[in-house]
């Protein structure tokens with residue numbers, strides 16, 4: 001007989017600037033490593049396993065995402081667990097909520113919509129403290145044409161050009177529900193530049209580095225390095241255009257995940 005298992009869904013947020021992404025890697029700090037070390041410390045006699053609803057790359061942050069905790073023992077008091085968990089997590093990771101789910105729940109298949117925000121500013125170099133959350137572009141950017149192009153990403157498309165190193169069998173089609181570039185008014189700090197911008201992208205699934213490839217294209221378009229007609233060709237997967245400009249990771253935030 002298999003031992004009984006208990007399942008918990010935990011909402012959390014983290015600043016990704018010092019982490020080498022979510023997934024555990026040899027000899028570098030990752031979010032998954034910190035989560036597992038904390039669980040081993042606060043639950044030394046409990047066998048646990050964690051799974052994320054998606055992996056973030058190095059330096060990418062999350063405003064709200066989820067992990068599933070598998071445990072061979074029932075957590076007697078979720079409020080107490082949440083407080084102890086947060087007390088022992090590093091300062092750049094915070095658990096927001098926890099609830100019990102059943103074994104039919106699948107954190108990978110059940111996560112339906114993800115929304116990413118990419119923050120950036122251009123012009124005079126800004127305060128170094130901004131670097132953890134915002135990309136700096138030294139050249140002038142044509143925000144008007146970038147905003148026009150952002151909307152063109154919406155819909156069901158073959159995002160071959162926005163798939164990192166696609167192979168013959170790589171599934172490159174996807175759907176972007178909304179994509180808007182606008183002035184940033186919600187992420188603020190005294191050391192941020194006076195004017196900054198955010199690309200808000202919502203979709204049912206994204207390929208590795210897709211948002212950063214999209215942002216790289218918008219940066220090239222905004223600097224007049226490519227034409228708008230060329231940009232439109234990259235939205236046709238049959239053109240097999242391979243893009244190389246991947247925007248820096250530190251401007252990217254997983255804003256929220258919907259089930």
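The values are calculated or read from the model by the stated rules, or taken from the named source; none is laboratory data. The shown structure was predicted, so the numbers you read here are calculated from the model rather than taken from an experiment. A quick note on method: Cβ atoms are made from the backbone with ideal geometry, for glycine too, and the neighbour counts reach across all protein chains shown.
In the range 132-164, which residues are in a loop (DSSP other than H, G, I, E, B) and in contact (Cβ under 8 Å) with a residue 24 or more places away in the chain?
Residues of the range 132-164 that are in a loop (DSSP other than H, G, I, E, B), as a first pass: 133-134, 138-142, 153-154, 159, 163-164.
Within the range 132-164, 133, 134, 139, 140, 141, 142, 153, 154, 159, 163, 164 meet the criteria.
Out of everything in the range 27-43 that is out of contact with any strand residue (DSSP E or B) (no Cβ under 8 Å at 6 or more places or on another chain) and under 26 Å from residue 251 (Cα atoms), what residue ends up being surrounded by the fewest Cβ atoms within 10 Å (Cβ to Cβ)?
Looking at the filtered set, the residue picked out is 27.
For the range 208-220, how many residues are modelled with pLDDT under 90 and either surrounded by 18 or more Cβ atoms within 10 Å (Cβ to Cβ) or touching a strand residue (DSSP E or B) at 6+ places or on another chain (Cβ under 6 Å) (or both)? Reasoning before the result, please.
Going residue by residue through the range 208-220, those that are modelled with pLDDT under 90 are 208.
With either surrounded by 18 or more Cβ atoms within 10 Å (Cβ to Cβ) or touching a strand residue (DSSP E or B) at 6+ places or on another chain (Cβ under 6 Å) (or both) added as a condition, the list becomes none.
So the count comes out to 0.
One line per residue, one yes/no per condition, for (1) part of a helix (DSSP H, G or I); (2) within 20 Å of residue 251 (Cβ to Cβ); (3) in contact with a strand residue (DSSP E or B) (Cβ under 8 Å, 6 or more places away or on another chain):
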site: 17; (1), (2), (3): no, yes, yes
site: 25; (1), (2), (3): no, no, no
site: 45; (1), (2), (3): no, no, no
site: 49; (1), (2), (3): no, no, yes
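From the residues in the range 51-80 that are under 25 Å from the mean Cα position of the chain (by Cα) and part of a loop (DSSP other than H, G, I, E, B), which one is surrounded by the fewest Cβ atoms within 10 Å (Cβ to Cβ)?
That would be 55.
Select from the range 83-131 the residues that are assigned to a helix (DSSP H, G or I) and surrounded by fewer than 18 Cβ atoms within 10 Å (Cβ to Cβ) and list them in ascending order.
83, 84, 86, 87, 88, 128, 129, 131 - these are the residues of the range 83-131 that are assigned to a helix (DSSP H, G or I) and surrounded by fewer than 18 Cβ atoms within 10 Å (Cβ to Cβ).
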